[in-house]
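Visitor: Got a structure here, written out as structure tokens. Questions coming.
The values are calculated or read from the model by the stated rules, or taken from the named source; none is laboratory data. Because the structure is a prediction, the values reported are computed rather than measured. Cβ atoms come from the backbone with ideal geometry, glycine included; neighbour counts cover every protein chain shown.
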Amino acid sequence: MRAGSGTRDASDGGAAGDARVVVLVAGGPDGPRPRVHPADEPLLLADDLAAVRGDGCFETLLVVGGRPAKPERHLARLSRSATALGLTGPSDDVWREGIDLAAREWGADSEAMLRLVLSRGPERGGTETAYITVAPVGPHALRAREEGIAVTVLNRGYAADLEGSAPWLLLGSKTLSYATNMAALRHAAANGFDDVVYLSSDGEVLEGPRSTVVIARSGELVSPPATAGILEGTTLGALYDVAEREGVSVHRERLLLTDLLAADAVWLISSVTLAARVRRIDDVVLPAGDPQINVPGLVDRAVGRA
Ligand code: PLP
């Protein structure tokens, strides 16, 4: 059941052209039960607002050992995004049933990227659209885990305190409108970088286009606050719980680029790539020493990989 043969990396670390399982979850809260939809058969109407406006939200989960990682955190964030967009979506129970079906269809042999998609539905009217895709974890993600990454710093163009006064920007929501994030990644790649760290117009460290920034500093982990208009990472939340249990403190603090350059280590963390150590920021090579905190190990335990 192979839908395509492309190798482009998706926004969240999967291989975009290789989707192999699609589960139709159906629209609205009272839709029919989730069922498998052939991955090489069309699913959306041409005027679906996901396609023509990016008007919807999504989540990307890692499937590991045939099981979805931290599904409840993703469902909670999907529900927050849907509320911010004025969407209803299927109930959490229906999503859970769809996730379990999709993960079962994928199997336990290899890791996968499972995406939940919710859109406002066709422009002509009708119910919301909801479905799930599963694809292999892309080569970009595997390489980033193993080798680390070089990042370039890009201005996101708005101030870090904008979120409260401009809710229509949906800054804390995981909307389907990722075109600017993908453009930032292409800009980085064209200049020889693997990824991006966004700064606010007033110079604060925000996040990556598909990841959360975490630094190790003097035996602690530090990450920018959600109030900086960034997406609250589910990986950060899960890491926080495991780190606390293991006696490592994680706190949220406004960070500047100088904090990243002076840190013992810097990572970009996310659901599919997990932990990618930043080796270089623009033309500055970061220290390669042992930061005394094993962030990849903490993340592995946080997502049930170890
Ligand atoms: N920030 C952005 C903009 C993202 O797109 C993502 C994930 O795709 C993250 C942060 C990290 O979120 P999570 O850890 O839930 O994958």
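Visitor: Out of 231, 261, 236, report the one residue that is farther than 30 Å from residue 65 by Cα, among the aliphatic types (A, V, I, L, M), in contact (Cβ under 8 Å) with a residue 24 or more places away in the chain and not in a strand (DSSP E or B). Show your work before the answer.
Guide: Values: 231 fails: farther than 30 Å from residue 65 by Cα; 236 fails: farther than 30 Å from residue 65 by Cα.
Unique residue meeting the criteria: 261.
Visitor: Could you list all residues from the stretch 52-102 that are over 25 Å from residue 137 (Cβ atoms) and of a type in the set (A, V, I, L, M)?
Guide: Once the filter is applied, which keeps residues that are over 25 Å from residue 137 (Cβ atoms) and of a type in the set (A, V, I, L, M), the stretch 52-102 yields 52, 82, 84, 85, 87, 94.
Visitor: Residues to consider are 183, 216, 226, 166; find the one that is closer than 22 Å to residue 71 by Cα and more than 10 Å from the ligand (Cβ to nearest atom). Write out each step before concluding.
Guide: Working: 183 fails: closer than 22 Å to residue 71 by Cα; 216 fails: closer than 22 Å to residue 71 by Cα; 166 fails: closer than 22 Å to residue 71 by Cα.
Sole residue among the options that is closer than 22 Å to residue 71 by Cα and more than 10 Å from the ligand (Cβ to nearest atom): 226.
Visitor: Out of the residues in the stretch 183-197 that are closer than 22 Å to residue 262 by Cβ and surrounded by fewer than 22 Cβ atoms within 10 Å (Cβ to Cβ), state the one that is farthest from the chain's Cα centre (by Cα). Step through it out loud before you land on a result.
Guide: Restricting attention to the stretch 183-197, the residues satisfying the condition of being closer than 22 Å to residue 262 by Cβ are 193-197.
In the following step, the residues that additionally are surrounded by fewer than 22 Cβ atoms within 10 Å (Cβ to Cβ) were identified as 193-194.
Values: 193: 19, 194: 16 Å.
So the residue we want is 193.
Visitor: From the list 277, 217, which one is of a type in the set (Lys, Arg), within 28 Å of residue 175 (Cα to Cα) and assigned by TED's automatic domain parsing to the domain that holds residue 165? Walk me through it before giving the result.
Guide: Details: 217 fails: within 28 Å of residue 175 (Cα to Cα).
Selected residue: 277, the only one of 277, 217 that is of a type in the set (Lys, Arg), within 28 Å of residue 175 (Cα to Cα) and assigned by TED's automatic domain parsing to the domain that holds residue 165.
Visitor: Provide a single number: the residues in the stretch 271-294 that are within 13 Å of the ligand (Cβ to nearest atom) and on the phi < 0 side of the Ramachandran plot. Working first, answer last.
Guide: In the first step, residues of the stretch 271-294 are kept if they are within 13 Å of the ligand (Cβ to nearest atom); the result is 271-276.
Filter once more, keeping what is on the phi < 0 side of the Ramachandran plot: 271-273, 275-276.
Of the residues in the stretch 271-294, 5 are within 13 Å of the ligand (Cβ to nearest atom) and on the phi < 0 side of the Ramachandran plot.
Visitor: Further question on the same structure: Would you point out which residue out of 167, 122, 90 is under 18 Å from residue 80 (Cβ atoms) and outside the structural domain of residue 267 (by TED's automatic domain parsing)? Steps first, answer last, please.
Guide: On the way: 167 fails: outside the structural domain of residue 267 (by TED's automatic domain parsing); 122 fails: under 18 Å from residue 80 (Cβ atoms).
The match here is 90.
Visitor: What are the residues in the stretch 129-139 that are crowded, with 23+ Cβ neighbours inside 10 Å and not in a strand (DSSP E or B), if any?
Guide: Once the filter is applied, which keeps residues that are crowded, with 23+ Cβ neighbours inside 10 Å and not in a strand (DSSP E or B), the stretch 129-139 yields only 138.
Visitor: Please determine, by comparing only the residues of the stretch 166-212 that are over 23 Å from residue 271 (Cβ atoms) and small (Gly, Ala, Ser), which one is modelled with the lowest pLDDT.
Guide: In this case the residue turns out to be 166.
Visitor: Follow-up. Which helices (runs of 4 or more DSSP H) sit wholly inside the stretch 45-118 and have at least 3 residues that are away from the ligand (no atom under 16 Å from the Cβ) and not hydroxyl-bearing (Ser, Thr, Tyr)?
Guide: On the way: elements: 49-53, 71-85, 92-106.
Ranges flagged: 49-53, 92-106.
Visitor: Tally the residues that are in contact (Cβ under 8 Å) with a residue 40 or more places away in the chain and either among the hydrophobic types (A, V, I, L, M, F, W, C) or within 16 Å of the ligand (Cβ to nearest atom) (or both), restricting the search to the stretch 245-258. Even if it seems obvious, please write down each step before you answer.
Guide: At the first step, the residues of the stretch 245-258 found to be in contact (Cβ under 8 Å) with a residue 40 or more places away in the chain are 246, 248, 254-257.
Checking which are either among the hydrophobic types (A, V, I, L, M, F, W, C) or within 16 Å of the ligand (Cβ to nearest atom) (or both) leaves us with 248, 255-257.
So the answer is 4.
Visitor: Right, residue 105: among the charged types (D, E, K, R), over 17 Å from residue 31 (Cα atoms) and buried (at least 16 other Cβ atoms within 10 Å of the Cβ) or not?
Guide: On the way: among the charged types (D, E, K, R): yes; over 17 Å from residue 31 (Cα atoms): yes; buried (at least 16 other Cβ atoms within 10 Å of the Cβ): yes.
So residue 105 passes the test.
Visitor: Report whether or not residue 114 is in contact with a helix residue (DSSP H, G or I) (Cβ under 7 Å, 6 or more places away or on another chain) and of a type outside the set (S, T, N, Q). Can you show your working first?
Guide: Details: in contact with a helix residue (DSSP H, G or I) (Cβ under 7 Å, 6 or more places away or on another chain): yes; of a type outside the set (S, T, N, Q): yes.
Yes: the conditions hold for residue 114.
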